[in-house]
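I have placed the structure first, in the form of structure tokens, so that the comments after it can refer back to it.
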Amino acid sequence: MKINLLTSALSFCLTAALATGEEAGADKIRELEEQMAALQREKAALTEQVEKAKPKPTASSALFDKAGKISSVIANSVLIIEGDQSVGTGFVAGSGGKKHLYTAAHVFSGNSKLTVKNSMGMNFKKFGTLEAAEGADLIRMEILEEVKDFLEIAPADTGIQINTEIAALGNGGGTGVVAVEKGKVLGISADSLEVDAGIIQGNSGGPVVDQATGRVFGLVTHLTSERKDLWSHGTRQGEVRRFACRVDKNWQWKPMKVGTFLTDAKALTEFDELTRLCFAIAQLEPLTNGLRLDRNVGGGGTAIGILDRNQDNEIVRSLIKMNSDLASRKSTLSVSELKKKFRSLISQLQGQAIRSSETFAPQHFAWFHRKQSEVSIRARKECLTALQADLDNLR
């Protein structure tokens, strides 16, 4: 009986001690949790202060302030693009939570080296994948570095109207200075706007913005030459007309590497240059005293000018040597011998042009280059016809 009472007493004391220890441990845990919670609140407060102190990206607002000065946000969002073959304009705009460089496809096309900077001299070097719009002279690239200022693209349902006051901003004349040209909307289609702002070479790729809100309606793409026909007399069709691609539209984008876009442009340029060479040679007439390479061959160019650009072509080098020998009387070929030699060179050039046409693959190009290639392919067919006619006449 005494043993049982002692056992019960010991069990009670042990249970009480464990309970006391558990309560002390629980108190300590609660104390630590409260300290951790306090530290978390302090961290959140400090983080909020740091974020508030950071300069925030700023979307565009009205084009001009009350003093009539252009908004610095908008001015800083316009970019100057300089290539080894051309100059143009671009701009930074927010889209889908990202910041993109927007410009005209033809501003990039034809260049192998490009620099992009804003009017403050800040260079942009880190870009994501290039995206080319299907159906427009328009490309964009995500900017992968911090951007302070950017433009806002007008929503698709904004309902832009004729006579809306706009301004075109850009590197007009390629001077490296961002200029503002005021104007109005003259015409509207689903894909483009016609404006009367004083757009000139160098403005291509620049934004066309609403003066009231600073939002982007379009991107400068091209001018059309004045028409001289009777029906356009006294109308704006008889004057230089200026157009912008609409960016307040949901375009379908084709992603590709920047290098691929530039390589495709180079392939198209080389294709066209061979076509020009074929046209130039097809118009030459072999004479015993030379080929008269100074004659005009269309487009304001001369045969010798086109040949000079293509001296890496073996056929061209042979043709220039033959002409030089004839002119200096180092070669005294009969008319029939001259025709035979000239015919051989044209036949070689024809084969070169045919092989070039067979390997030309514009179906993989961005829309802008595919559209250009349609004209290029037609011209190539015409030049092959001209070469064949020349061969037939030399028989």
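The values are calculated or read from the model by the stated rules, or taken from the named source; none is laboratory data. These numbers were taken from a predicted model, which means no experiment stands behind them. A quick note on method: Cβ atoms are made from the backbone with ideal geometry, for glycine too, and the neighbour counts reach across all protein chains shown.
Key figures for this structure:
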item: Subset of the stretch 152-211 (residues that are of a type in the set (Val, Ile, Thr), more than 20 Å from the chain's Cα centre (by Cα) and in a loop (DSSP other than H, G, I, E, B)); result: 158, 160, 162, 164
item: Leading residue by the ranking (modelled with the lowest pLDDT) among those in the stretch 84-108 that are surrounded by 13 or more Cβ atoms within 10 Å (Cβ to Cβ) and in contact with a Lys or Arg (Cβ under 8 Å, 6 or more places away or on another chain); result: 95
item: Of all residues in the stretch 109-137 being among the polar types (S, T, N, Q) and either touching a Cys at 6+ places or on another chain (Cβ under 6 Å) or part of a loop (DSSP other than H, G, I, E, B) (or both), the one that is modelled with the lowest pLDDT; result: 119
item: Output for the stretch 156-170, where each listed residue is loosely packed, with under 12 Cβ neighbours inside 10 Å and modelled with pLDDT under 90; result: 156, 157, 159
item: Contacts under 7 angstrom Cβ, first residue in the stretch 37-58 being within 20 Å of residue 94 (Cα to Cα) and of a type in the set (Val, Ile, Thr), partner part of a loop (DSSP other than H, G, I, E, B) and at pLDDT 75 or above, 6 or more apart; result: 58/148
item: Filtered residue count, the stretch 94-108, keeping only those that are among the aromatic types (Phe, Trp, Tyr) and assigned to a strand (DSSP E or B); result: 1
item: Number of the exception - residue 161 against (1) more than 21 Å from residue 263 (Cα to Cα); (2) in contact with a Pro (Cβ under 8 Å, 6 or more places away or on another chain); result: (2)
item: Residues of the stretch 272-286 satisfying the condition of being crowded, with 19+ Cβ neighbours inside 10 Å and over 15 Å from residue 378 (Cβ atoms); result: 277, 280, 281, 282, 284, 286
item: Residue in the stretch 348-366 that is more than 21 Å from residue 279 (Cβ to Cβ) and in contact with a Phe, Trp or Tyr (Cβ under 8 Å, 6 or more places away or on another chain) present; result: yes
item: Residue that is more than 23 Å from residue 393 (Cα to Cα) and touching a residue at least 12 places away in the same chain (Cβ under 8 Å), where the choices are 295, 309; result: 309
item: Number of positions in the stretch 91-115 that are touching a residue at least 60 places away in the same chain (Cβ under 8 Å) and touching a Phe, Trp or Tyr at 6+ places or on another chain (Cβ under 6 Å); result: 4
item: Residue 330 in contact with a Ser or Thr (Cβ under 8 Å, 6 or more places away or on another chain) and closer than 30 Å to residue 152 by Cα; result: no
item: Residue check for residue 129: more than 19 Å from residue 78 (Cβ to Cβ) and not charged (D, E, K, R); result: yes
item: Hey, residue 111 within 20 Å of the chain's Cα centre (by Cα), surrounded by 16 or more Cβ atoms within 10 Å (Cβ to Cβ) and within 24 Å of residue 72 (Cβ to Cβ) or not; result: no
item: Spans of helices (runs of 4 or more DSSP H) in the stretch 233-346 with at least 1 residues closer than 30 Å to residue 209 by Cβ and at pLDDT 90 or above; result: 258-282
item: Odd one out for residue 363, checked against (1) more than 19 Å from residue 271 (Cβ to Cβ); (2) within 34 Å of the chain's Cα centre (by Cα); result: (1)
